[in-house]
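Student: This is the structure I want to talk about, given as structure tokens.
Values quoted throughout were computed directly from the atomic coordinates according to the rules given, and no laboratory measurement underlies them. From a predicted model like this one, the values you see are computed outputs, not experimental measurements. Here the Cβ is made from the backbone with ideal geometry for all residues, glycine too, and neighbour counts use every protein chain on show.
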Amino acid sequence: MSLIKAKGVQKTYQMGEVAVAALRDINLTIQPGSFVAIVGPSGSGKSTLLNLIGCLDKPTQGQLSVLDTDISTLNRHQLATFRGQHIGFVFQDFNLIPVLTVAENIEYPLVMVQDWSVADRQTRVAELLDAIGMADQAHKRPDQLSGGQKQRVAVARALATRPKLVLADEPTANLDHDTAYKVIGLMKKMRDELGTTFVFSTHDPKIVGEAEKVLEIEDGKIKPEAAQ
């Protein structure tokens, strides 16, 4: 069973009187537990594709199924609910909440989208702090952390609700190579332990080498040899 399946997906944006095709005839399948990189130059459509998979937007045409749900049939509220229940996100600029501690940042998705008791939230946060090796940093705030530490917290936060899918948009862009490898290694470790599917975009060819499947996108289309 495919976790993600796209068939004839297109995404067009209207720029004044001009229609701009960001994605054209996208066909792909991604299996559960995959570790996938989407690569391509700026403007190629990779962020648009991530946004569609992440239910932040809907295709203009075609069918996109995520976790056996055709997202093109969902309204805005249903998309938000689906995201909160099933998908985690990691961003290149971390997007941690500066006034919250490390532990509170990780806990935040549980407070917002899940009906978890306080005790269960605390247990889950402790598990994730231990998994990313930052139990001793739980009470620090983001401005007291290095870039690598911030991204480790962001990965833990993305995994807080036990999502089946985590999407990462340029997760190593603001990190040096050694730290980037450590973050990618952490993501792989979480995939192996939890069975979570990771799909990430990147420009870094060294990080691409860590992916088990690479989808190369150019001018809004995935190269055929990478689609399956």
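Student: Which ³J(HN,Hα) values, rounded to whole Hz and listed in residue order, are derived for segment 116-121 from phi using the Karplus coefficients 6.51, -1.76 and 1.60 in 6.51 cos²θ - 1.76 cosθ + 1.60 with θ = phi - 60°, glycine and proline given as x?
Tutor: So the Karplus estimates, Gly and Pro as x, are 9, 6, 4, 5, 5, 5 Hz.
Student: Same structure, new question: In debye, nearest 20, what is the charge dipole magnitude of segment 140-197 about its Cα centre with +1 on Lys and Arg Cβ and -1 on Asp and Glu Cβ, if you could check? Present the calculation step by step, with values, prior to reporting the outcome.
Tutor: Values: 11 positive and 7 negative charges, 65 e Å.
Dipole magnitude for segment 140-197 comes out near 320 debye.
Student: Would you mind giving the three semi-axes, in whole Å and largest first, of the ellipsoid equivalent to segment 14-159 according to its Cα gyration tensor? Let's see the in-between values first.
Tutor: Working: eigenvalues 209, 67, 42 Å².
After diagonalising the Cα gyration tensor, the semi-axes are 32, 18, 14 Å.
Student: Could you pull out the pairs from 150/188; 5/189; 164/206; 7/189; 140/164; 58/189 whose alpha carbons sit more than 21 Å apart here?
Tutor: Numbers: 150/188 17 Å; 5/189 25 Å; 164/206 26 Å; 7/189 31 Å; 140/164 29 Å; 58/189 31 Å.
Cα-Cα > 21 Å for 5/189; 164/206; 7/189; 140/164; 58/189; rest within.
Student: Tilt of helix 102-113 relative to the longest C-alpha principal axis of the chain, in degrees (0 to 90, nearest 10)?
Tutor: Taking the Cα atoms of the chain, the angle to 102-113 is about 50 degrees.
Student: Further, regarding this structure: Report the Cα centroid-to-centroid distance between segment 114-155 and segment 200-215 in angstrom, as an integer.
Tutor: If you average the Cα positions of each part, the centres end up 26 Å apart.
Student: Tell me the angle of helix 177-194 to the major Cα principal axis of the chain, expressed in degrees between 0 and 90 and rounded to the nearest ten.
Tutor: 90 degrees
Student: So who's got an amide H within less than 5 Å of the one on residue 23, skipping anything under 5 residues away but keeping other chains? H placed 1.01 Å off N, in plane.
Tutor: 11
Student: Give me the angle, in degrees from 0 to 90, between the Cα long axis of helix 76-86 and the longest principal axis of the Cα atoms of the chain, rounded to the nearest 10.
Tutor: 50 degrees
Student: Enumerate the amide H contacts of residue 213 below 5 Å, restricted to partners 5 or more residues apart or on another chain; note that Pro and chain-start residues carry no placed amide H.
Tutor: Answer set, sorted by chain and number: 35, 37.
Student: What ranking of 208, 153 emerges when the number of other C-beta atoms within 10 Å of each C-beta is taken as an exposure proxy, fewest first? Spell out each step's value before the answer.
Tutor: Values: 208 15, 153 26.
Ranked by crowding around the Cβ, least crowded first: 208, 153.
Student: Tell me, what HN-Hα J-couplings in whole Hz come from the Karplus equation 6.51 cos²θ - 1.76 cosθ + 1.60 at θ = phi - 60° for each residue of segment 211-219, using x for Gly and Pro?
Tutor: Working through the residues one at a time gives 6, 8, 8, 10, 9, 9, 10, 8, 6 Hz.
Student: Can you list residues from other chains, or at least 5 along the same chain, whose modelled amide H is less than 5 Å from the amide H of residue 168?
Tutor: 90, 199, 200, 201
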